[in-house]
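Have a look at the structure below before the remarks.
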Amino acid sequence: MEAAPLDNIVVVLDQPKDVVNVAGVVRVMMNMGLSNLRLVNPDDFDTYRIGGIAHRSEDLTRAAETYDTLQDALSDVVFTVGTSARPRTDQRNYCRPREVAPKIVETSSDSLVALLFGREDRGLTNEGLDRCQTVAIVPTAAEYPSLNLAQACLVLCYEIFLA
């Protein structure tokens, strides 16, 4: 039996710093129908505290997997979409969330796809960016283009939900 596309999408948080931000991502995942969370060396992953912020999230947080390295967290993934506030070099495949969402849905119909988010204070590392086939940039009108971790996750997951 073929898996539903959302079942093959995993949200990967690379070295998340703040449990409040992780809880925000968990709430986004629950709102958008995603249930696979992987964390790489989180500073704080307290399911009790997350449950106090993202109510009724126990099933999702109990099933979350923790990894020591990003390489391990992505080892079984076929297609990885990273996120960034802005393009850093011309050698990356940049797009908007709306442009990449159909590709994510299509690929996830029979393969595992990762949505990769970097640490809140620094974003994705160069290693993280190198592991991405595509990097989604959420355009903003502000002088300060960075979004909160959960906000960036919401925009990308919403576009996937619509696709």
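The values are calculated or read from the model by the stated rules, or taken from the named source; none is laboratory data. Please read all numbers here as calculations on a predicted model, not as lab measurements. Glycine gets a Cβ as well: all are built from the backbone with ideal geometry, and neighbour counts include every protein chain shown. Just so you know, the surface numbers come from the protein's heavy atoms only, side chains and all, with ligands and any DNA or RNA stripped out. Shrake-Rupley method; radii C 1.70, N 1.55, O 1.52, S 1.80 Å.
A compact table of results
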{"item": "By average C-beta atoms within 10 angstrom, highest first, the peptides 26-36, 51-61", "result": "26-36, 51-61"}
{"item": "Share of carbon and sulfur in the accessible heavy-atom surface of the range 57-138 [1.4 Å probe, %]", "result": "41 percent"}
{"item": "Value at 222 nm in deg cm²/dmol, rounded to 500, when DSSP H runs of n ≥ 4 in the chain each add -39,500 (n - 2.57)", "result": "-10500 deg cm²/dmol"}
{"item": "Net charge contributed by nearby residues that have their C-beta within less than 10 Å of Asp18 (K/R +1, D/E -1)", "result": "-2"}
{"item": "Asp44, Asp7, reordered so the largest accessible area comes first (probe 1.4 Å)", "result": "Asp7, Asp44"}
